[in-house]
């Protein structure tokens, strides 16, 4: 790789997962083609906090240079911060590394030629290859979680990510190299391996202010230095020309922002901001989705190994773990999520959840037994602010992730200034069905009593004297505990708690959807932006509807599909 030129064949706006995959595949297939990938954040090359799986939480600290925090407008008097990747490799450089795939019916629901499960399963198999493993560590809490799930009638399966299992539990694989123990992010796998290629160029810490057009033909981009990364960065606009193609791949928050600044969006909205209209596309920025989640913390005995000493900056523990990791071994080769489940309600549970969810069940879940209502994982430690818990304590957390939220939001620019925050609304829990589902899932999580743990939720949420309240025990929880009974007052308290605690799962999708233009779509089945020439979008913003899984696998899939389509358009053969 070399310094960036002022003119290339293919220009990628953003260094998200699909951009890395597509750019890397195309560069490997035809080393003579000039490709430039522009990333607003830094490079991730051999960055310790990126390549070391157990240190991924370091990206979520305030003022992080690798994670972008977008503040949503108020949801029940809160302003959730949605984190996205702000570094080369996008979310794959900072995420939880979960190997997680949705249901086959998820892709068929898109009803898009070339994007059915039959079309995509071979690509899903291609992207995993040798980059998925269980790491070199399996937590005690994960072992007991699986035992409890089985005792509660949840079947154990070899692979709950087989595209067909809607209900079951299993050990969870991760995007962690089985030989080195390092994170398998998209940049290290697809871009940095092409360092010998003098025609693959990477430009970091640079903002794309807009795509440049000749009428409706994309001809390049305008860029400035990113002063959020470097306060002294040059703010003089520069032009970079793309002879053949511009591909926007800045993620489900970043891509609609770039497109709108470029004159692609709802005409009336953009005109008020003084932006010249290239194509009136009202769907740009609409239909934003994320998996809402609720995470429940519990105390565990002090002798249980968790991430908590690392979070408390215990130097002795950290040095021990780093020494193990140098050999690809030990605690830091895991992502703290060693076991999990995909869950659907029983017939009896379904009767209790609520009328809004019952209607959704009949419409969406009953015809599709491969769809889970929730994805649940166990985190080996407390990942929130340490100020919220007693020093020296040890924890586990139950993460309940709503697989198919009905609620949605939007991402609209408020100015042509690239530094102005957008009008961003995550939309969590705005549909009653989502709220009812989360309340049910909390109750189901409480059933999973881990006998070896001091079971006491860190924060009480029920009225004083409620039989559903949590207490901290100083000895093992007895077996055979009766299921809890919730009063109307308890249920009201639970609803309030869910509204206060539901948050992002960092799975932003859907804001530049691939569907017919008359239905609010923005790109066609070949990722071409409607009404333009030589402009594609390739990232999770194009998803017509969500997938019931962590989204890294789907992002890799979009990248592989984009690479094939671009290669076909340009006459390049990808093996």
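Report, by residue number, each residue of segment 245-267 that is closer than 27 Å to residue 95 by Cα and in a loop (DSSP other than H, G, I, E, B). Selection gives 249, 250.
Out of 170, 242, which single residue is in a strand (DSSP E or B) and under 22 Å from residue 142 (Cβ atoms)? Only one candidate qualifies: 170. Restrict the check to segment 393-403 and report whether at least one residue is crowded, with 18+ Cβ neighbours inside 10 Å and closer than 30 Å to residue 262 by Cβ. No - not one qualifying residue is present in segment 393-403. The residues on offer are 372, 457, and the sole one that is farther than 30 Å from residue 224 by Cα and at pLDDT 95 or above is 372.
Per-residue answers, yes or no, for (1) part of a loop (DSSP other than H, G, I, E, B); (2) under 20 Å from residue 291 (Cα atoms); (3) modelled with pLDDT under 90; (4) not assigned by TED's automatic domain parsing to the domain that holds residue 552:
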site: 92; (1), (2), (3), (4): no, yes, no, no
site: 101; (1), (2), (3), (4): yes, yes, no, no
site: 105; (1), (2), (3), (4): no, yes, no, no
site: 111; (1), (2), (3), (4): yes, no, no, no
site: 118; (1), (2), (3), (4): no, no, no, no
site: 126; (1), (2), (3), (4): no, no, yes, no
site: 130; (1), (2), (3), (4): yes, no, yes, no
site: 150; (1), (2), (3), (4): no, no, no, yes
site: 160; (1), (2), (3), (4): yes, yes, no, yes
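Checked against the criterion of being in contact (Cβ under 8 Å) with a residue 60 or more places away in the chain and within 20 Å of the chain's Cα centre (by Cα), segment 196-209 contains not a single residue that satisfies it.
Considering only residues that are assigned to a strand (DSSP E or B) and either in contact (Cβ under 8 Å) with a residue 60 or more places away in the chain or on the phi > 0 side of the Ramachandran plot (or both), look in segment 505-524 and name the one that is surrounded by the most Cβ atoms within 10 Å (Cβ to Cβ). For segment 505-524, the residue satisfying everything is 509.
In segment 269-302, of all residues being free of Cβ contacts under 8 Å to residues at least 60 places away in the same chain and part of a loop (DSSP other than H, G, I, E, B), the one that is surrounded by the most Cβ atoms within 10 Å (Cβ to Cβ) corresponds to 277. Restricting attention to segment 102-151, the residues being touching a helix residue (DSSP H, G or I) at 6+ places or on another chain (Cβ under 6 Å) and closer than 30 Å to residue 300 by Cβ number 3. Here residue 397 meets each of (1) part of a loop (DSSP other than H, G, I, E, B); (2) touching a strand residue (DSSP E or B) at 6+ places or on another chain (Cβ under 7 Å) with one exception, condition (1).
The values are calculated or read from the model by the stated rules, or taken from the named source; none is laboratory data. These numbers were taken from a predicted model, which means no experiment stands behind them. As a convention, Cβ positions derive from the backbone with ideal geometry for all residues, glycine included, and neighbour counts pool all protein chains shown.
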